[in-house]
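None of the figures in this text is laboratory data; all of them are computed from the coordinates on show. Just so it is clear, the structure is predicted and the values come from calculations on it, not from any experiment. For neighbour counting, all protein chains shown are included, and Cβ atoms are generated from backbone atoms with ideal geometry for every residue, glycine included.
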Amino acid sequence: MAAGDALRPEREREREALRVRRSSRSAAGPLRRRQSFFQGGELLSRRAGFGEDQRREDESSLKEKGLNMQPSRAVKNTFPVSTENFTCEHLKFSSLATSKFMKRSFKDEKGEYLKTLEEAVSMKYIDLMEENEMASERKCRDLLKNLFSDMNKRLQNGEYIKSGGYELYCRDRDSIVKQYRREPNKGVRAEAVLNEFLNEQGTEANSILHTDTKLTENERQIKEEKENAALLEQKYKEEEEKKIERERMIVAEKERHEDRVRQMEEKFKQELEQQRQEMDRAIESKVKEREEMLNKGFKERAKNLEEEIKKLNNEKERIHGGGIFKDYVMPFLCPLVEMVPNLLMQRSMMKCLKKGFNR
C-alpha cells in the first residue's frame, strides 16, 4: 500500500504530461488542418486523403476554367482581325483563365494542372489563330476575285492580245493591286494571298508579253526582268508580313509569361504567409508545452521539445529565405513561354509535309 502511495505522484505527473501534450496538439491544430507546407521546395500533403480532395478540386477547376474554353460567337464574327488585336484578346483571356484557376487551386506541387491549363489555352489560341488566318485568306481571295472581275472579262474578250496589250494589262493590274492595298481589315494574310494571286497570274502576263507585237525582243526581256523583280518584291512583302506576325506573337507570349509568373508569385506569397502564421502558432504551442514540461520536472521531454522548436525555426528561415520561388517554381514556368512557338513550328512542319504529299 505504501508502495502504491509512493508511485501515485509519478503517475499523476505522467497523466499531467499527457494532458499537456494533447493540449499542445490542439493548439497546433491549424497547422495540421491545413496539411500543407513547403519541404525541399515542394508543397507536400501530410495526409493522402486531404491531398486527393485537393487534386480533385484542381481537376474540377481545370475542367471548368481551362479545358471547356469555347470562344463566343461574337469573337469569331470579328474575324479576320489584326495580330495586334488578336494577341491583345488572347492575353486578356489567358490571364482570366489563369486567375480563375489560381483562386481554386490548392495542391499542384508539380505544376501538372497549371501546365495542362496552359497547354489547353495555347492550343485554343493556335486553333483560333488558324481560323483567323483562314478568314483573312477567304476575305482577301474574295476581294481580289471581285476586283479582277472586269479585267477577266477583258481578258476573255481578247482586249490584251494585241499590239500594246501588255502595257494596258500592266496598267489595269497595277491599278487593281493599289485598290486592293487600300482596302482595310484584310487580316494577317493580305500580302501572302496577293503574292499567291500574282504568281498565278504570271503565266497569263508572260503570254500577253510575248504576243505583244509592239515590243522588240530586247524590250520584252527588260519587261520580263521587271516582272520577275516585282514578284520577288511581293514575296519579300509576304515574308516581312510573316516576320512581323512572329515578332508580335513572341512579344505577346512574353507578356503572357510575365503575367503568369506574377500570378504564380502572388499565389506563392499567399501560401507562404499562411504557412508562416501556422508555423508561428505551432512554435508558440511548442514553447508553451516546453515551459509546462520544465515546470513539472519533465526535463527529457522539454529537451526534445527544444529540438523540435529549433527545427521548426530553421525550416521557417529556410522557407522564407526568398529562394524557393526562383529555384523551384521558375524552372517549371520558364519552358511554358516556348510552348506556342513550338506548337506553331510543329503545325507548320505538318502543313509542309502535307503539301509535299499532295504534289
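In region 144-242, Cα pairs under 8 Å separated by at least six residues give a relative contact order of 38 percent.
The overall shape of region 144-242, judged from the alpha-carbon gyration tensor, is oblate: a/c is not under 1.5, and a/b is no greater than b/c. Charge tally around E306: other residues with Cβ under 14 Å, Lys/Arg +1 each, Asp/Glu -1 each, net +2.
With the simple model of a label 7 Å out from the Cα in the direction of the Cβ, D259 to R181 spans 3.5 nm.
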